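Structure record follows, encoded as structure tokens.
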Amino acid sequence: MLAQPTLVMSLEQYRTVVAHCWDGFPDEACGLLAGPLGADWVPTGEVGSVHPCRNAAASARTYTVDVDDYRAADTAAQAAGLEIVGGWHSHTHTDPYPSDTDVKQAPPLGPNFIFVIVSLRLAEPSLRAYRIKGPQIVELGVEVPGLG
């Protein structure tokens, strides 16, 4: 059973995320998701905008969101009444599941941050979403209306 909230992104947003991952190949690509917070200050799962970012690590095994790109995404999100609620990165040769490195880097982002991983291991990319709460990895549902 998948945890809540379900991540809901438009087909255009999905295509932007996946294209950005392919554009970054063979390095990992990364970006940020903006969306609304609920009354409890927890992301609702709805994606209002996606913000492709540079991988400052320029690595095929790890990623670091470029600080200037983060600032620009945060400014754009706030101007739209949204918050940075998650991010994505690609796994170029492995499944779309958080690596040990992903789990180790997660704590500063908080237990409600939504991690999206796009695997490019196969010809057809695979996108999945998670929350990482300490050592616990919780998978979220993903809906992309029109994808099929």
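Rule-based calculations on the coordinates, nothing more; no lab input. Small disclaimer: the values here were computed from a predicted structure and weren't measured. A quick note on method: Cβ atoms are made from the backbone with ideal geometry, for glycine too, and the neighbour counts reach across all protein chains shown.
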Exercise. Please list the radius of gyration and Dmax for region 18-117, considering alpha-carbon atoms only, with Å as the unit.
Key: 13.2, 40
Quiz item: Could you work out the helix-only [θ] at 222 nm for the chain, with each DSSP H run of four or more residues adding -39,500 (n - 2.57) and the total divided by the number of residues, to the nearest 500 deg cm²/dmol?
Solution: -6500 deg cm²/dmol
Quiz item: Taking θ as phi - 60°, what are the ³J(HN,Hα) couplings along region 48-63 by the Karplus curve (6.51, -1.76, 1.60), each to the nearest whole Hz, with x for Gly and Pro?
Solution: x, 7, 10, 10, x, 10, 7, 8, 5, 6, 6, 9, 8, 10, 8, 9
Quiz item: Ranked highest first by average number of other Cβ atoms within 10 Å, how do 49-55, 36-42 line up?
Solution: 49-55, 36-42
Exercise. Please list the non-local residues whose amide H lies under 5 Å from the amide H of Gly48, H modeled 1.01 Å from N, same-chain partners needing a gap of 5 or more.
Key: Ala34, Gly35
Quiz item: Once fully extended, how much extra length lies between Tyr97 and Asn112, figured as 0.36 nm per residue of separation less the alpha-carbon to alpha-carbon distance?
Solution: 3.7 nm
Quiz item: To the nearest 20 debye, what charge dipole does region 3-143 have about its Cα centre, counting +1 at the Cβ of each Lys and Arg and -1 at the Cβ of each Asp and Glu?
Solution: 220
Self-check item: In order through region 64-71: 3J(HN,Hα) via Karplus (6.51 cos²θ - 1.76 cosθ + 1.60), integer Hz, x for Gly, Pro
Solution: 9, 5, 4, 4, 5, 5, 4, 4
Quiz prompt | Amide H contacts of Ala60 (H built 1.01 Å from N, under 5 Å, at least 5 apart or other chain) | solution = Glu28
